[in-house]
Structures are given as structure tokens and as C-alpha cells.
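Since the structure comes first, as C-alpha cells, the remarks are kept for the end.
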Amino acid sequence: MTALIYDVVVVGAGIVGAACAEECARQGMRVAIIDRDVIGGGATAAGMGHIVVMDDSEAQFALTRYSQQLWQQLRPELPPDVEYEPCGTIWVAADEEEMAEVRRKEKYYGQRGVPTEVLDPQTLEHLEPNLRKGMAGGLLVPEDVVLYPPCAARFLIERAQAAGAELHVGCAVSQIGKGLVRLAVGTEFSAAVIVNAGGAWASALTPGLSVKKRKGHLAITDRYPGFVRHQLVELGYLKSAHSTSADSVAFNVQPRRTGQILVGSSRQFGAEHGEVDTANLARMLQRAQEYMPKLAELSTIRVWTGFRAATPHKLPLIGPCPGDPTLFLATGHEGLGITTSLATARLLVDQIAGRNPAIPVGPYLPSRVPAEHAYA
Amino acid sequence: MPETITVTVNGTSIAVPPGATVAVAIALAGAACRKSVSGEARGPLCGMGICFECRAVIDGRLHCRSCQIICQSGMEVRTDE
Amino acid sequence: MSSLTRTQFDVLVVGGGPAGLAAAARAAECGLQVGLVDDNPALGGQIWRGQAGNTASEAAHWYARLQAAGAGVLCGTRVFHQPEPGILLAEGPDAALELNYKKLILATGARERFLPFPGWTLPNVMGAGGLQALVKSGLPIAGKRVVVAGSGPLLLAVAAYLRQHGAEILLICEQASWSSLAGFGFALLRQPEKVRQGFSLRKQLSGIPFAPSSWPVSARGQAAIEEVVISQTGKTKTIACDYLACGFHLVPNSELAVLLGCRVQDELVQVDDYQQTSIPGIFCAGEPTGIGGLELSLVEGQIAGLAAAGRETAAGPLFAEREKLRRFARVLDRTFTLRAELRGLPLPETIVCRCEDATCSQLAQHTSWRSAKLQTRCGMGPCQARICGPAAGFLFGWAQDSIRPPIFPTRFENLITSSPEVEHGAITGGRG
């Protein structure tokens, strides 16, 4: 069978694959994007769609901040259905210990040029009256944003297509590597570069990758405009995101432009099926209700699950895959796929095209993570 | 058994026969139940509680399916928010 | 934290229409502890809505049997989840309920199929059953001008009912053709009860124009409908009216069966001779097993109730009646198949998903339900695609997604299960 020949074939049309395809196509490369289902059908569809700076590590901060700024630059071109809302994040402190963490974050972000504001309990209550009384305060990060990811992914794909990229959806991939992407139906794509942007399925495409599925639950309410105004996250969120073995939940709610309230977050390892886990869901919602008691009465209309792509060192893999000069990875973004998609695309193309990256790529190189790295 | 039940719809008193639903009271008030996402006036469609087009605010609670709720004396119904 | 009321039943019946009433009464008469739950404020489902006061009715007969047999009744109660086999979670008027059961009978009935056309979202454009339900709930209809349209025998029953209550029925538009309907007529002749009903209906509807091969093209008006444009055997005419009662036959409410993992084919729950689904101990009776009308629902409900009570031999004598009525149901199906022209009714700007106001042209850009859903949010609203799903299925040929809990919107706190307050068998008989 004659193979179709491309400069880059991106496997995975989620937000990361879409961003990579758009960046490659804009650089004049001949691009094909392949996905076994619909645009943004994986974690992109399931997740909370936030653009948030994180300070878990210098490398995580650098990537999230760089990417957040790229989103800001892209903002004027985003269509309305992407629902880009600069509502900001409030990290909520339940006690004095967490307030100490607030002050640490304020200093950290201040040193790096990220505007923040420490909120005392009165200001917090004024900004978010539906939070439980007795909070110690919080940290407002006004440049954080929420958006609607499936439409953002579609927008990026459309830009890629406008620059000549081909989209092949509904095409299951059976094998990738050594310059070849083979579909389950037999069609072959020949590429100088293959990008594995398979998210939670990246390890199925490239055996031996240290990317594992991390299941999460979400719930969404009917429309209650004004009930919550900012993305709200408990400071314990990082403890939840940190744990590499235990199931955990953390308070995290997000207002949608529709007025609906999106409630997360939960993390479970080892779950292969996407069915709703009633007990895990209940714990997540209970945590949310502890922070916002008035959630109790709200009409909840849908619940769903999704799989994040998790790595043991809590950073994504962006760069060449060891052992195959044609294969690049752009995966393992865990809960930060939306945030870091644009920077991922830039850093990936920097490496493909030999450009100078805006931030050091070292921490994200796949070669830095041994295969089958044990999860601590 | 009273002859009629009185509720208010958007501040106006409306009398309904006992057993009538809030959707009926809203109709008698000449109001639509809700505004859709794009601003269209909407009223009941299915009459059996599954379409959610008849939602109104009853005694301060949002998203009540008015076709499934029997009028109680003194209920305050709002459709104008 | 919300409290949970725990109840325990030998047989739990979901749905208080004819099938559920018959099933619950029969099972309770066998001496079992039976619970019947229904979403509506009172029992009767759709066809027997508001029949409580009519002591001579068939509905009243079944209510009396139910009460005499001591079955427990929970109205205003919506099932939203099954956390594990043997338990259903429901939202009642005051609390969340944990319904423990040994055997389960699903009698969840059917809903109208709505097809979009320009102006269908105007106030006072309702389903045929929808308008009837509103009138039964107290809406005054005397002196109002009504056009009844769509498809199915429900249109005639609704027209007769509304006329009885003083409405002026201007026209009944049935999309099926005369030849389809003639076939239906012949099938009716084999069912004496149906013939009798048919003659009675004819009398009640005498003088009302009935137009086959007809359908609404658009509804027009400002604050509510003022006129409807009808296509009648190729010609259009405009009729001024106060209400348009429009529904295109029925679709089964099989969501709970799907959630439980019962085998469903072509939207119909598959059952054996004793109305048992593919899951032992879970039965299904009435419309979700095939749209077949009142008598079939009553027969299937009784078979399910007896079988759930372990009295299969008592159910046997009902098989012949069921088979006869199922033949009628198959004819119903063929007669009221939707014609292809109806796919052309919506304009590009016509709303298809009413919860999210997603239009026909927005949906038409997609090649799958999943893609359309993610990009336009159609099907993601509180109706959980009960209205737009069948419409999109007809317009675009899309199959629906898998079902997830909650299968009905519920209060946030109800999804948090907490220590239950045990209330063993505390729900007692009565109409609820």
C-alpha cells in the first residue's frame, strides 16, 4: 500500500494534539492529525478547562506561566464558543496553616511577576459569599482563566486546517513508530516526525511510556448565575495531585459562562473503566459541600468521568522519544493539559525545527524519565 | 375544601382551582415560564415533567418544574428573573 | 448533611401508570411487600392522569386493588441512580430515598416524540399529550381554538378529550397516509374492544376535519402561537389558533433499564415470556418493551407482577391476550412510521436542543452525536436529551450515548450517600 507522506503526523486530536498540529502547520509543515474518535474527545472533553499557574516546581511554574501568556495573546482571536473567561482563581485557605501557604505563594508569584492578592476573611466572603463561614482567607490570582475546551481544541484544529493540515477523525491507530503511522483499517501515513499526543492512551500507542491513566469525576449543576464568581481551589488540592497511589478528592469548583457550576476534583489510579464510582463521587461532592454548603440544594444535571495522563515526576513529556528518531512525545499533562497545551506546542516545534525555546526544555524531555519509572 | 387557591405570579394574585399546577397559574397570569438561553420565552411542552421548559422560581427556589407542582395557598411564583 | 430514608420491599415497581399499577397490585395481592414509585404528583401515569376522582373508571379499580392489597405508594419520587444491585436511589418531595428491593419491575412508560419545525418553541405549542396533561392539571381550554398535529392514535384521544372540555378543535393533522391508516383500520377490526373504542371516538370527533398526509410547517406568533401553517397533501394553509398540540407518536422511557444494564434493542427493553429482562430479578412491562397502548400495558404489568411474586403459573392464562395485543402493537408501529419529508421541516436556524438552544445548522456540521454534543452542548441540558435525542436521531440518524447517573437531575446533596435512617417498610398504602 502506498503510504501518504507528511512532515508531521500528530496522533491525538485533544487540546495538546490540536495545539501541536496548529503550531506545526503554521510553520509551513505538511501536517496530518489523526484521532480514533472526535476532536477533543478524551480528557479535553472531560476536564475543567482552566488556565492556571502552578508553583509545584520551577519547571511546572515556567511551563504554566509561559503557556498562560500564550493564551492571553491568542485571546482576541478566540471565537465566542470557546467562552474564555478571565475570572481568576482563588486558592482558599481553611486555617492559619493554609494562610501561611498563601503567603508563601504570594511571595513566590510576586518574585516571578505573577500578580496576586492576599484576601482576608472579609474580602473573601465579599468576593465569594457562598463559601462556608470561618475561612482563614485566600489568594486571588486574577490572570487565571476558564474556557470551554472542546471548542478550543476545534478552533486550533481549524487554524491548522486553514494552514493546510489534514484531519482524520474516527480513525483508530494500530501502530506508530519509525516514521510510520498505521491505522487499524490498514492505511499508512509516512512521516518525518510522529507526535504521540495520545493523552491517557499514549502508553498504548508507545509501549513502555511512563504515562498512566488517572481517573477523575466531575459534576455539573443547572444554571445559577453568580453563585460562584471565580475558580475556587482548596490549598489541599496539591496534596491530592501529589499523591501517586491513593485515591483522593479536593475542593475545586468553576463557574461556567452558562452560569452552571462545574464541580471537581477526584483522582484515582488503577481504574481502567470510565463508569461512575458512586463512592468516589460522593466523597468529592461531600468535600465540595464542606466548602460551599449551599451547593446542597442545587440541581445537579450530569456526572461524568475522564482519564488524565499522569507521569511519575508530575511533568509532561515534550520532546524526542528515546530509541526512535522519528517519534516525539507531547503527553502526560495530568490536570494541566488545557493550561500548557500552547507552550507544549511551542517547545515541541522548537525541538523539531531546532529553534531556541523560550524556556528550558530539559525538565520535560522524555529521555529524563526512565521507562516504567516506579510510582512513589 | 376551598373553592380556589390563591398564589402570586410575579407579584399578581392568581386564583386557581384546588389541585391545579403552578404551570396553570403561570398560564392564567399570561406569563411565560422562563427565558431560554438565547432569550426566547418558553412554556410547558411535555406536560409530564421531563422537558424542563416549564421551570419557574417557586418560593425562591430556582428550576422548579411548574407542571409537576400543585399550587399551595400563598406560593410565590416568579418567571421574570 | 442530607438524610437518607431507607425503605425495603420484596417487589419495587417504578412507574405508576397502568402497567405499574397492574404489576404492583398483582404482586401485593400475592402477599408480598410491594412499593410503587412515580415521578408525578399523583398516580395514573399519562393516560390515567387526573382519574383519581372518577370512581367508575378502570383506573379507580386498580387503585382500589392496590390499596386493598396494602402496597406502598411514593408519588413525586424520581429514581436517579443504582449504586449497587438491589438498591435504587430516588429523590422524593422531602428527602432522598434508598429503595431496597428483591425484585424490580420497570414500568416507566413512554414520552412523546417531538420533531423540530420553525416556531415549535413558541409558548402554547405543546405536545398532544402535553396539552392534555395541562388541561387535566387545571388549564382552562373551553372556547380555545386548537390544532392537533403529529402522528399516532394519541392525537385522536387528545382531540376527543379537549373537545369534551370545550375546546374548538379546528383540525387533526396526521402525517401518516390514508393507505397506512387503512391498514391500521383493518387491524383494528380484529380487536373488538378497539372497534368499540374506535366507534366511540368517531362519535366524539364527528365534525372535526381529519387530514392524513399532513403536518405543521411552521408556527407563528409574538408572545405565543397565533397561527400555524399546515402542509396538507401538498398544499399549505394557514390556520389561526390558540394552541398547537403536536407530538409524533411515542418513544419508550428506557433510560433506567439501560442504566441497570438490561439488554435493549432498537430502544426497546428485551424481555422473556414472563416480562423478565436480561437481568434476573428485573422485569419490564408496558411501553418500554414496545409501544402498545393501555390494554397491553395492563396485561404485561399483571404478568410481570405475578412473575415477580413467583406465581408464573398464574401468569400463563394472560399470554394469549398479550399476544393478541402485541399483534396490534406491531401494526401501530408500521402505521405511524415517520415519513422522510419530516426531516426537511427544520430550517437552519430552527432550534433542535431547547435546553441549550442549539440549532439545526449547528448540529448539521457534525457527523456524530458525540461531536455535536461536545461542540454545541446539545443534549447536555437538564432534559438529558429526552427531547432532542429522538429528534436528532430522526434528523441525523445518530444513536445516543451511554447512560450515566443521575438519570434525572437531582439535588446535589442526594449524590452524597450518608448514614441512612432506617425506616423498614414504613411507607404504607394509599394514593400518596
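The values are calculated or read from the model by the stated rules, or taken from the named source; none is laboratory data. Remember, it's a predicted structure, so these values are computed and weren't measured experimentally. Because the Cβ atoms are built from the backbone with ideal geometry, glycine has one as well, and the counts that use them run over all protein chains shown. Areas reflect the complete protein model, heavy atoms only, side chains present, ligands, DNA and RNA absent. Shrake-Rupley method; radii C 1.70, N 1.55, O 1.52, S 1.80 Å.
Tabulated values for the structure
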| read-out | value |
| --- | --- |
| Residues of the protein assembly as shown: accessible area per residue with a 1.4 Å probe, Å² | 37 Å² |
| Label zone at A:His273, where the point sits 7 Å out along the Cα-to-Cβ direction: the range A:197-241 residues whose backbone N lies under 19 Å | A:213-218 |
| Note, ³J(HN,Hα) from phi for the range A:34-51, Karplus 6.51, -1.76, 1.60, rounded to Hz, x at Gly and Pro | 10, 9, 6, 10, 9, 4, x, x, x, 4, 4, 6, 8, x, 8, x, 9, 10 |
| Mean separation of Cα contacts under 8 Å, 6 or more apart, over the residue count of chain B: relative contact order % | 36 percent |
| Three-way shape call for the range C:114-248 based on the alpha-carbon gyration tensor, with the a/c threshold at 1.5 | oblate |
| Heavy-atom accessible surface of the range C:319-421: percent carbon and sulfur, 1.4 Å | 50 percent |
| Percent carbon-and-sulfur accessible area, the range C:114-248, ignoring ligands, DNA and RNA, probe 1.4 Å | 56 percent |
| Alpha carbon centroid spacing (whole Å) that separates the range A:294-321 from the range C:375-420 | 21 Å |
| Average Cα contact separation per residue, the range C:344-401, under 8 Å, 6 or more apart, as relative contact order % | 31 percent |
| Amide H contacts under 5 Å for A:Leu329, placed H, 5+ residues apart | A:Asn196, A:Gly319, A:Cys321 |
| Nearest-20 debye value, the range C:344-401 charge dipole, Cβ charges on Lys, Arg, Asp, Glu | 140 debye |
| Residue among C:Phe186, C:Leu12, C:Ala176 farthest towards the positive dipole end of the protein assembly as shown, charges placed on Cβ | C:Phe186 |
| Cut-off under 5 Å, modelled amide H: who pairs with C:Arg411 long-range | A:Thr300 |
| Equivalent ellipsoid semi-axes, the protein assembly as shown, via Cα gyration tensor eigenvalues times 5, rooted, Å | 51, 31, 27 |
| Total accessible area lost when C and B pair, probe 1.4 Å, Å² to nearest 100 | 2500 Å² |
| Binned Cα-Cα distance frequencies in chain B - 5 Å width, integer % | 3, 18, 30, 27, 14, 6, 2, 0, 0 |
| Two-site FRET efficiency, C:Asp401 against C:Glu312, from Cβ-Cβ distance with R₀ of 41 Å, rounded to 0.05 | 0.70 |
| Ranked order, C:Lys203, A:Lys105, C:Lys324, C:Lys237 - accessible area, probe 1.4 Å, largest first | C:Lys203, C:Lys237, C:Lys324, A:Lys105 |
| Carbon plus sulfur fraction of accessible area for chain A, probe 1.4 Å, in percent | 54 percent |
| Top positive-direction residue, dipole computed over chain A with Cβ charges, set A:Val249, A:His273, A:Ser174 | A:Ser174 |
| Part-to-part distance (alpha-carbon centres) for the range C:66-144 and the range B:29-70, which is given in Å | 16 Å |
| Members of the range B:13-36 that become less accessible by 50 Å² or more once partner protein chains are added (1.4 angstrom probe, chain alone as reference) | B:Val24 |
| Shielded residues, the range C:359-399 - accessible-area loss of 50 Å² or more between chain alone and all protein chains, probe 1.4 Å | C:Arg370, C:Leu374, C:Gln375, C:Arg377, C:Met380, C:Pro382 |
| Residue-wise HN-Hα coupling along the range C:345-360, computed from phi with Karplus coefficients 6.51, -1.76, 1.60 (Hz; x: Gly, Pro) | 5, x, 7, x, 8, 5, 6, 9, 9, 7, 5, 10, 6, 7, 8, 4 |
| Pair A:Glu158, B:Ser36: separation of 7 Å Cα→Cβ label points (nm) | 2.2 nm |
| Unpartnered cysteines - no second Cys beta carbon under 4.7 Å - across chain C | C:Cys30, C:Cys75, C:Cys173, C:Cys241, C:Cys246, C:Cys262, C:Cys284, C:Cys355, C:Cys360, C:Cys383 |
| Two-site label geometry, A:Val185 and C:Arg327: point separation in nm, points 7 Å out along Cα→Cβ | 4.6 nm |
| C/A buried area, accessible surface, summed, 1.4 Å probe, Å² | 2700 Å² |
| In sequence order, calculated HN-Hα J values of the range C:111-128 (Karplus, 6.51, -1.76, 1.60; Hz; x Gly/Pro) | 10, 6, 8, 10, 10, x, 8, x, x, 5, 8, 5, x, 6, 9, 9, x, 5 |
| Candidate lysines - alpha carbon under 29 Å from C:Lys103, same-chain residues fewer than 8 apart omitted | C:Lys324 |
| Positive dipole terminus of the protein assembly as shown, leading residue within A:Ala309, B:Ile50, C:Trp62 (C-beta point charges) | C:Trp62 |
| Cα pair count fraction exceeding 31 Å, expressed as % - chain A | 33 percent |
| Nearest-0.05 FRET efficiency for C:Glu349 and C:Ala95, computed from C-beta distance (R0 51 Å) | 0.70 |
| Relative contact order computed over chain A (Cα-Cα under 8 Å; 6+ residues apart), in percent | 24 percent |
| Within the range C:395-409: backbone nitrogen closer than 17 Å to the C:Ile87 label point (7 Å, Cα to C-beta) | C:405-407 |
| Scattering profile of the range C:344-401 at q = 0.26 Å⁻¹ [log10 I(q)/I(0), Debye over alpha-carbon scatterers] | -1.07 |
| Threshold 30 Å² - residues in the range A:277-297 whose accessible area is reduced by that much or more when the chain is no longer isolated, probe 1.4 Å | A:Thr278, A:Ala282, A:Leu285, A:Gln286, A:Gln289, A:Ala296, A:Glu297 |
| Förster-model FRET efficiency, 60 Å R0, A:Lys294 and C:Trp178, C-beta, rounded to 0.05 | 0.55 |
| Rh by Kirkwood over Cα pairs, then Stokes-Einstein D for chain C at 1.002 mPa s and 20 °C, µm²/s | 96 µm²/s |
| Dipole magnitude of the protein assembly as shown about its Cα centre (Cβ charges: Lys, Arg +1; Asp, Glu -1), debye to nearest 20 | 1720 debye |
| 14 Å reach of a label modelled at C:Arg339, 7 Å along Cα-to-Cβ, counting backbone N of the range C:173-215 | C:173-182, C:211-215 |
| By accessible area with a 1.4 Å probe, ligands and nucleic acids excluded, highest first: order of C:Arg26, C:Arg111, A:Arg36 | A:Arg36, C:Arg26, C:Arg111 |
| Proximal charge balance of A:Arg30 [Cβ under 9 Å; K/R count +1, D/E count -1] | -2 |
